[in-house]
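Laboratory data are not the source of any read-out in this text; all were calculated from the coordinates shown. Because the structure is a prediction, the values reported are computed rather than measured. Every residue, glycine as well, gets a Cβ built from its backbone with ideal geometry; the counts of neighbours run over all protein chains shown.
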Amino acid sequence: MLHKSTLDFLKKLKKNNNRDWFNANKKLYEDAKYDFEVFLFEMIQAIAEFDEDVSGLEPKDCMFRIYKDVRFSKDKSPYKTNLGASINKGGRKAPNAGYYVHISPSECFLASGLYMPMPDKLLAVREKIAGNPEKFKKIIGSADFKKYFKKLWMEDSLKTAPKGFPKDHPLLEYLKLKSFIADHPVKEERVLTKNYVQYSSKIFKAVKPLNDYLNDAIGA
């Protein structure tokens, strides 16, 4: 389970996002990082029970750094105020669909799918959906999917039909997507429960058919 001290650290960091405070409280960060790594180890084992592609992953393969790249950002605060990890075949740097865990003072959520794929992979997914809409509709319309996710994340989308696709396609709203993400918000109280790994793995198992569909489309 994750400990309250980990979320407390993130809350303090959000109020004191500067190098002096961070360096003076490095022990708090190291404790929070270790807590999250232990949680990820258990999560990987739980997911591996239904998705063998993640077998053998280590927490360090999946966990994102807390240090921000501020070169092209207006916000120059040096640290992320969340802990996040992408659990998928090849780890966080792999461009295939997988499982994402996000912990922060403002929001906690579980997500799955394909985030901002490269143009060739995005085209491959769109072609698969356009060519076999019934299978895609079955996945996002299944009882398990709708129970935890309701629908895909629709925020990142084109305004019109992508080039080469009909404007009257019955699944046009999905063909316009730039990412194929399903997310499930989680309350802080749930994150700190002893069975959060089991709870999360149950949700990830429900969305595995979507990951399989997307990975099949991009040849991952």
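Quick notes
- Legend: distances between Cα atoms for LYS138/LYS159; LYS15/LYS151; LYS138/LYS178; LYS15/LYS89; LYS60/LYS208; LYS146/LYS187; pairs beyond 30 Å are LYS15/LYS151; LYS15/LYS89.
- Gain on full extension, evaluated as 0.36 nm per residue between GLU107 and LYS11 minus their Cα-Cα distance, stands at 33.4 nm.
- Net length available on complete extension from LYS74 to HIS3 is 22.3 nm, with 0.36 nm assigned per residue and the Cα-Cα distance removed.
- Per residue convex hull volume, Cα atoms of the range 158-220, in Å³: 121 Å³
- The modelled label-to-label distance for the pair MET154/LYS187, using points 7 Å beyond Cα in the direction of Cβ, is 2.6 nm.
- Loop-located GluC sites (Glu not before Pro) across the range 116-219 with a Cβ neighbour count of 10 or fewer within 10 Å are GLU155, with loop assigned by DSSP.
- Mean Cβ neighbour count within 10 Å, used as a protection proxy, ranking 33-44, 137-148 highest first: 33-44, 137-148
- Karplus 3J(HN,Hα) series, Hz, for the range 72-88 with 6.51 cos²θ - 1.76 cosθ + 1.60 (x for Gly, Pro): 10, 10, 6, 7, 8, 4, x, 10, 6, 9, 9, 10, x, 8, 10, 9, 7
- Cα long-axis angle, helix 4-15 against the chain (0 to 90 degrees, to the nearest 10): 90 degrees
- Its Cα centre serving as origin, the chain has a Cβ charge dipole (Lys and Arg +1, Asp and Glu -1) of approximately 780 debye.
- The Cβ shell under 12 Å around LYS89 holds other residues with a net charge of -3, Lys and Arg each +1, Asp and Glu each -1.
- Two-decimal log10 I(q)/I(0) for the range 4-218, as the Debye equation yields it once each C-alpha is a single scatterer, q = 0.16 Å⁻¹: -1.12
- In the range 4-218, taking the dipole from charged Cβ atoms about the Cα centre, the farthest positive-side position among VAL125, PHE41, TYR174 is held by TYR174.
- Tilt relative to the chain, helix 119-131 - C-alpha long axis, 0 to 90 degrees, to 10: 50 degrees
- Each residue, SER55 and LYS137, gets one label point 7 Å from its Cα in the Cβ direction; the gap between the two is 3.7 nm.
- The C-alpha radius of gyration of the range 7-93, expressed as a fraction of 2.2 N^0.38 Å, stands at 1.23.
- Multiplying the residue separation of LEU171 and ASP20 by 0.36 nm and subtracting their alpha-carbon distance yields 49.3 nm.
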